[in-house]
1. Filter the stretch 13-35 for residues that are of a type outside the set (A, V, I, L, M, F, W, C), within 19 Å of Cys61 (Cβ to Cβ) and assigned to a strand (DSSP E or B) and give the result.
2. Kindly provide the set of residues from the stretch 49-78 that are loosely packed, with under 13 Cβ neighbours inside 10 Å and assigned to a loop (DSSP other than H, G, I, E, B), ordered by number.
3. What's the number of the condition Leu2 fails, among (1) at pLDDT 90 or above; (2) over 26 Å from Phe95 (Cα atoms)?
4. Quick one: is Ile46 in a strand (DSSP E or B) and either without any contact (Cβ under 8 Å) to a residue 60 or more places away in the chain or touching a Phe, Trp or Tyr at 6+ places or on another chain (Cβ under 8 Å) (or both)?
Amino acid sequence: MLEIANLGVAYGAAPALWDVHLRVGASELVTVVGPNGAGKTSLLRILCGLYRGYEGSVTLCGREVKHEPVESLARMVSLVPQRMEFLPGFTVSEFLELSGPRHAPEVDALIGGLGNRLLPELS
């Protein structure tokens, strides 16, 4: 489902990610952790199509991310930013439905009773 090979990202002379290799299957769950400046946000921005100036290959469902329209990627992957001042009036359910209707009972199980909560109310 997700394959990353030789991924590299630099902002000016400072590398954010280098020589990253990863393969994630359709049924696997992965958590990205690391200290500030480790490249977590850069990786997520790449997966969402928000940054295309990377080296190497990042394929999602067999499609190279840098060549896919953002709208197409939004149907497969979502990013919830740490600061969401631009979405103050959305509930959790409304926010999740921005990428299309939810059909997975697993999603409802994960959000539990948070569906009607406003995003700024959550930490």
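The values are calculated or read from the model by the stated rules, or taken from the named source; none is laboratory data. It should be emphasised that the depicted structure is a prediction, and the values quoted were computed from it without experimental measurement. Positions of Cβ are backbone-derived with ideal geometry, glycine not excepted, and every protein chain shown enters the neighbour counts.
1. His21, Arg23 - these are the residues of the stretch 13-35 that are of a type outside the set (A, V, I, L, M, F, W, C), within 19 Å of Cys61 (Cβ to Cβ) and assigned to a strand (DSSP E or B).
2. Gly53, Gly62, Pro69, Arg75
3. Result: Leu2 passes all but (2).
4. Here the answer is no, as Ile46 does not meet what is asked.
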